[in-house]
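Just below is one structure, and these are the notes that go with it.
The values are calculated or read from the model by the stated rules, or taken from the named source; none is laboratory data. Quantities reported herein were computed from a predicted structural model and do not represent experimental measurements. A quick note on method: Cβ atoms are made from the backbone with ideal geometry, for glycine too, and the neighbour counts reach across all protein chains shown.
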Amino acid sequence: MPHLLIIGGSDAGISAALRARQVNPALEVTVIVADGYANYSICGLPFWLAGETADWRDLAHRSAGEIEDQGIRLLLKRTAQAIDPTGKTVAVVDEDGRSRRMAYDKLVIATGAVPARPPIKGLEQPGVFFLRTMGDGFALQELLAVQSPTSAVVVGAGYIGLEMAEALTRRGWPVTVVEYLPSALTTLDAPLGDLVAEELRGQGVTVATGVAVQRIDPQGSHLLVSGSGGFRAQANLVLVATGVRPEARLAAAAGIETGKWGAIRVSQAMETNMSDVYAAGDCVETYHRLLERHDYLPLGSTAHRQGRIAGENGADGQALFSGTLGTQVVQVFDLVAARTGLRDAEARQANFDPLTVQTEVWDHKVYYPGAHRLYVRVTGDRRTGRLLGAQIVGHRTAEVSKRVDVFATALFNHMNVEALNDLDLSYTPPLSTPWDAVQVAAQAWMEKRAPDCRNRL
Ligand SMILES: Cc1cc2nc3c(=O)[nH]c(=O)nc-3n(C[C@H](O)[C@H](O)[C@H](O)COP(=O)(O)OP(=O)(O)OC[C@H]3O[C@@H](n4cnc5c(N)ncnc54)[C@H](O)[C@@H]3O)c2cc1C
């Protein structure tokens, strides 16, 4: 029986294993997982740490038993140490240090990512945390359980930093968020990032932007966080959330080609340059559907889709990854912020002729209680009218994710901004308006591009 070996048991690895068994139920499938938590949703860690999800066990997408019921062999607490692509074996060590070689016919590498370690002095000391694995979550929870709330500093105002700023606030901790760039949530343009910063401040979080944190020093029972422009903050807990880098060392050591940020190079079939070796998830470069080239865009949604493709092809299938648009969404207290596709500067860099228009609309009919403002930025190509991207910020009840997904679907299908107007979108006063916010934003874009188009609306 052919043997598909998978290194990594999170979103990409388990998706690959499940799909491979679906495509070929006779295939022998083994998943090697470095820790004891196969298929846990690390995306849920901030909500467990906030106390909103009561039990960490509920973060499992599936239990180990459910995975094994699919005929998948799970080897937990085993670490792959070396790949020999010529002999088609992987050296695996267990938690007692015993090593063995496992043979494969096809291999999927799904080793994910690790937190980026910015050049800050003092990252090694107690009280400084990163958040990536279930183990990281347990370490942080241990401190939160014994330490009465004093003060916390979150370094990095990306989506994980902001989710954790909210989680710590919910646990009663005064929080300061420090960001190197000039606005919060820099996956969005500054005017929308500023709305997110305003929400944070409104919820009692201190936000310092444009500050490069330089060092973290012990100071009595506290830590002192210092940065550029005279920034200083005392904390008992420092969470560093400044992005991730691909965990591709194993692949690189085996001679597998890597690219941006050291991520594994793959084709749209998720094949590496080594025969019978596939890779998926946060350890790989991702094909961008609009840019028509690979980029590094690590996301759980993408890891699931890529893992499925790698698994199908590892079972002799013919699947192709259709690409990412970088679609993402995050809830920050009472706001939801989302984006898909390219922002103005990214589109310009990719040789488009972008026009970006921001529109402010009601999320639903104002006569129905609870209407809120939605802020929608649409980017399109001035020359061709093609939709290139959208960003939205709105209240958490404002169906922001539905709307960004409409834009994502339009982008996936290479639609023009104008074509958004022709979509048959749903309407009921408590949830939307007869022209949905997506269409109002598209109309505003069209008007700006060619003011005389108003007559056609
Ligand atoms: C706090 C947090 C919140 C997030 N929220 C979101 C969100 O809302 N939406 C979203 O789309 N994404 C989110 N993400 C990102 C998402 O979790 C990742 O994109 C996703 O987990 C990537 O899956 P992966 O399988 O590629 O890698 P990982 O989840 O990093 O898993 C890697 C796997 O490989 C194993 N491994 C590594 N090296 C070895 C080895 N040598 N031997 C054996 N096993 C090995 C690890 O044990 C693990 O099982 C979030 C991430 C975090 C940390």
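General observations
- Test for V238: is it in contact with a strand residue (DSSP E or B) (Cβ under 7 Å, 6 or more places away or on another chain), within 28 Å of K88 (Cβ to Cβ) and at pLDDT 95 or above: no
- Scanning the stretch 22-44 for residues that are near the ligand (Cβ under 8 Å from one of its atoms) and touching a Lys or Arg at 6+ places or on another chain (Cβ under 9 Å) gives I32, V33, A34, D35, A38, I42.
- Checklist (1) at pLDDT 95 or above; (2) loosely packed, with under 15 Cβ neighbours inside 10 Å; (3) of a type outside the set (S, T, N, Q) applied to G220, failing item: (1)
- Residue match in the stretch 387-408 (condition: of a type outside the set (A, V, I, L, M, F, W, C), free of Cβ contacts under 8 Å to residues at least 24 places away in the same chain and either surrounded by fewer than 22 Cβ atoms within 10 Å (Cβ to Cβ) or more than 26 Å from E292 (Cβ to Cβ) (or both)): yes
- Scanning the stretch 366-385 for residues that are in contact with a Leu (Cβ under 9 Å, 6 or more places away or on another chain) and of a type in the set (D, E, K, R) turns up R377, D381, R382.
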